[in-house]
Amino acid sequence: MPENDRNDTTSRTRARTAALALAVAALTTGAATGAGPATARPVDGPAAAPTAAAECSAAYRIEQKLSTGTTWRMCWRYHKQAGLVLEHISYQPPGEAQPIKVLSSAKLSQIHVPYDDGRNEYQDLTQAGFAQGLMDLKPGECPGGTLKTVKVPDAWDPSRANVKGLCTTTRARGHAYRMQGDTASKVFQKQGKDLLVYTVNQVGWYEYISEWRFQDDGTITMNVGATGSLSPFDYDAGDGRGWPLGKGAKDYATSHSHNVFWRLNFALDGSTKGRVEQYDSKVSPPANGDGGPRNTTTRTKVTKELAGDAKNMRWWRVVSANGKNKDGHARSYEIVPGASSKYPGRGYTRHDVYFTEYNKCEQFASDNLPDCGTGHGRSVDKWVGEQQLKRPVVWVNIGYHHIARDEDQQPMPVHWQGFSLAPRDVTAMNPLTPAELADQNGHIE
């Protein structure tokens, strides 16, 4: 995020502020004139026509069979504001003859950064050059994986138009499961494996690690990790309430928030016409001689657009329009929010999840760049109305309030924020079930 520009007496601040102004001007001009492509292909592969089976050419394709037998497939592209975009994401665990389509597209849709003192507020994707700040990665930053070269569309710095900045690799997760068998010597256990896809984007003093983790059990986790450096020009804590850093109580770092939004288009079993359901559980005191409290769970079908708030024992799922697992149960993915500090300062940050009807023009959760017509709001909270949900788009908001600490310098340890999509009835059993237990589905004696 750009540094506080009120200390413009220093040449360094003036230079960085001027560079940002030129960059924003270039972004605005590009958006207004339509100059340059909105997406880019990698430069280390041929620009072959997409095939029907893979839905993209080899240069765009990511396909990884994990050591546990699960295969993930997807396509990638790079957008001049949103950065990495993943498309046509499918999951094929052991025992499934065909890939199971999950998402048609997934991307970041904003990183909103307001400062506690009220003097600065940034939209890092659309105003501060997030995608333009794609960083070169060294092999050591992609252990055991592959680094792909990305062509940055409309590169502000011609010397950084081609960046080796996309890593795909695998990583051990630890126990996928463990179960004691009939004897002490019989233990069923498996060590999980994940596919990781990530980039690093620099915005001012911060560097954002945008990580997509695809587990062998079908779970997808989206994380953004903020690292880099605290801005040395924010050590005045203009609100009088910053945290002291360094010797004594001279430098006070200004506190701020990182409100990260993701935009997801589901395509379970190849159809974008899924449905949304909300579940709430309520615990009641013991009654009628019961030995303990009762917990009642209710389902609410979300038929119209919704701005949703996370609560204890509340969750949502997106259900396939027609796909079922081998047990005949509708496939779905559950939205599992991570830890979040909800920021109430803006309308679009006041809710944890939004479900809107698909509109191609609605691409960024705030400061939406496309011209959607007169009267059309520019943030996701303005798009929640009375429309029926037939092609639901999911927007997830995870907030982090950064009150700096001594340990944040130097460099700053990564602080993560994100959420997961957990498979619910996508397969009839645990997709990693060992052959000896494959018959234990449902009631067993």
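The values are calculated or read from the model by the stated rules, or taken from the named source; none is laboratory data. On a predicted model such as this, the values are computed, not experimentally measured, just so you know. In this analysis, Cβ positions are derived from the backbone assuming ideal geometry, glycine residues included, and neighbour counts consider all displayed protein chains. Ligands, DNA and RNA are stripped out before the accessible areas are found, and what is left, the full protein with its side chains, is counted by its heavy atoms. Shrake-Rupley method; radii C 1.70, N 1.55, O 1.52, S 1.80 Å.
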| task | Determine if the range 244-251 includes at least one residue that is open to solvent by 10 Å² or more (accessible area, probe 1.4 Å), without any contact (Cβ under 8 Å) to a residue 60 or more places away in the chain and touching a Leu at 6+ places or on another chain (Cβ under 8 Å). | result | yes
Worksheet item: Right, Gln215: open to solvent by 20 Å² or more (accessible area, probe 1.4 Å) and under 22 Å from Gln81 (Cα atoms) or not?
Response: no
**OP:** Look at Glu55 and say whether it is modelled with pLDDT under 95, part of a loop (DSSP other than H, G, I, E, B) and in contact with a Phe, Trp or Tyr (Cβ under 8 Å, 6 or more places away or on another chain).
**Re:** no
Just one listed residue, out of Gly345, Gly328, Gly338, is over 26 Å from Glu121 (Cα atoms) and not charged (D, E, K, R), and it is Gly328
Worksheet item: Just to be sure, is Val260 more than 30 Å from Gln410 (Cβ to Cβ), of a type in the set (Val, Ile, Thr), surrounded by 10 or more Cβ atoms within 10 Å (Cβ to Cβ) and under 26 Å from the mean Cα position of the chain (by Cα)?
Response: no
Residue hits (the range 275-314; in contact with a Phe, Trp or Tyr (Cβ under 9 Å, 6 or more places away or on another chain) and modelled with pLDDT under 95) are none
For Leu134, the lone unmet condition from (1) touching a strand residue (DSSP E or B) at 6+ places or on another chain (Cβ under 8 Å); (2) within 26 Å of Gln81 (Cα to Cα); (3) surrounded by fewer than 20 Cβ atoms within 10 Å (Cβ to Cβ) is (3)
Of Leu437, Leu421, the only residue that is surrounded by 14 or more Cβ atoms within 10 Å (Cβ to Cβ), modelled with pLDDT under 95, closer than 30 Å to Gly69 by Cα and of a type in the set (A, V, I, L, M) is Leu437
Condition set over 30 Å from Ala307 (Cα atoms) and surrounded by fewer than 14 Cβ atoms within 10 Å (Cβ to Cβ), scope the range 406-418, selection nearest to the chain's Cα centre (by Cα): answer is Pro413
Among residues of the range 351-367 being without any contact (Cβ under 8 Å) to a residue 40 or more places away in the chain and out of contact with any Cys (no Cβ under 6 Å at 6 or more places or on another chain), the residue nearest to Ser257 (Cα to Cα) is Glu362
The residue from Leu125, Leu103, Leu137, Leu108 that alone is in a loop (DSSP other than H, G, I, E, B) and within 19 Å of the chain's Cα centre (by Cα) is Leu125
